[in-house]
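First comes the structure, then the notes that go with it.
The values are calculated or read from the model by the stated rules, or taken from the named source; none is laboratory data. All values reported here derive from a predicted model rather than from experimental measurement. No Cβ is skipped: glycine too gets one built from the backbone with ideal geometry, and neighbour counts run over all protein chains shown. Heads up: the accessible areas ignore ligands, DNA and RNA and are worked out on the full protein's heavy atoms, side chains in. Shrake-Rupley method; radii C 1.70, N 1.55, O 1.52, S 1.80 Å.
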Amino acid sequence: MAADQKNKSSINISDILLYGAPAAIVALIASILTITGAVSDVLERVQEPHRSIYSAGLVVFALLLVLVFTLLLVLMRQRTIFAKNISAVRDQHTNELGAAKNKYVKVWDRTTRSIDAIVSKLYDIEETRWKFTKVSEVYTIEDDGTTLVERRYTVEAGDKPAQIWRVMIDADQSADNIEYLEGLSLEINAEAPINSEAVEYLLYVDKPLHKKIAVFFLPEITAGQERKVKMTYRWPGFARDLISGNSTVFSFNYRTCDPTDTADVEIEFRVSKKIGTTGIEMGSVAEGNMNWSTQDSASYTIHKFTCPDMGMNHRELRIRLLRG
């Protein structure tokens, strides 16, 4: 294919003869007629012996003019051929990229389905082996809905060792579609202790507005042991429904192995003042001593939910952020 493209972009003599020669001949005839008339007029005014010198000079000038004009025609033709070749190469490259992307998507879909199947079979999805001690979630929402999310959890293993934790990320319907996890700048790290413990993660559900991630504790959290984990990501347009529809809903789902488990929970929304006046509406009631506070900083309105003793047993918390 490369050789074909190279041959197409080189100068073709037949093209020059086909398109350049007729134009050159027409230009030559016109130039000769014009110059002949001019030469005759000039020569009538010039006396011998200078007449022959002027004649030779005018003929040379005419020939040079015809040559330059012919070269310009050839170059214009070659430029047209080159532009067509560039367009053909670009179209071919676009088609090849599209085919490669489709192949990658198929392979990636098969990979995520395999990870989902493996995780589900090795680790019972209905069985939770840890309980929460502290939860801290901060959502910094910019004026276009782009949101930086910082989630910190302190978890403790129950009677059995805990090694896997499933995490979901859901964005508004009007958010930017994220095809690849790299588009979120996702980071998941163990905060403490950090001398030997670590976390790794695998994406196992990958949809444009919905991600599911399996987080692995390495080594596993032994019974009674505590682990601190931090997750951060930045999703363009994550809370854009707040702007386009004047509200957006945040859902929080907590599962624990201890029916009596309580945790110190803090959820904070930092909303750009450029969005306008905002408020909070609870879609569900938490168990414990709930408290809401709102304060202003230079650039953000800060809505903060705190509950130092929230019941965490299969707890679903829904918070609606309103504008206006």
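Which GluC sites (Glu not before Pro) from region 158-226 combine a DSSP loop assignment with at most 15 other Cβ atoms within 10 Å?
Here the sparse-neighbourhood loop sites are Glu179.
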query: Separation between the Ser185 and Asp264 pseudo-spin-labels, each 7 Å from Cα along Cα→Cβ, expressed in nm?
result: 2.9 nm
statement: Between the alpha carbon centres of region 278-321 and region 199-264 the gap in Å comes to 17 Å
query: So for region 116-165, Kirkwood radius off the Cα pairs, Stokes-Einstein at 4 °C and 1.567 mPa s: how many µm² s⁻¹?
result: 96 µm²/s
- request: State, as an integer percentage, the relative contact order of region 108-177 based on alpha-carbon contacts under 8 Å between residues 6 or more apart.
  value: 28 percent
- request: Quick one: compute the contact order of region 164-252, relative version, from alpha carbon pairs under 8 angstrom and 6+ residues apart, as a percent.
  value: 40 percent
query: Rg to Rh for region 130-222: what is it, with Cα atoms only and Rh by Kirkwood?
result: 1.00
- request: Mind giving me the FRET efficiency for Asn177 and Met76? R0 is 41 Å, r the Cβ-Cβ distance, nearest 0.05 is fine.
  value: 0.35
- prompt: Along the Cα-to-Cβ line of His210, 7 Å from the Cα, sits a label point; which residues in region 164-188 have backbone N less than 13 Å from it?
  reply: 168-173
- prompt: In nm, to one decimal, how far is the modelled label at Arg110 from the one at Ser251, with both set 7 Å along Cα→Cβ?
  reply: 3.2 nm
message: If you filter region 165-248 for chymotrypsin sites (Phe, Trp or Tyr not before Pro), then keep DSSP loop positions with at most 16 other Cβ within 10 Å, what is left?
response: Tyr180
- request: For region 208-324, report the translational diffusion coefficient in µm²/s to the nearest whole number, using Stokes-Einstein at 25 °C, 0.890 mPa s, and a Kirkwood Rh over Cα pairs.
  value: 149 µm²/s
Heavy-atom accessible area per residue - region 163-252, 1.4 Å, Å²: 46 Å²
message: What number do you get for region 264-317 when its Cα radius of gyration is normalised by 2.2 N^0.38 Å, N = residues?
response: 1.26
- line: Each label sits 7 Å from Cα toward the beta-carbon; between Thr306 and Ser293 the label points are separated, in nm, by 0.4 nm
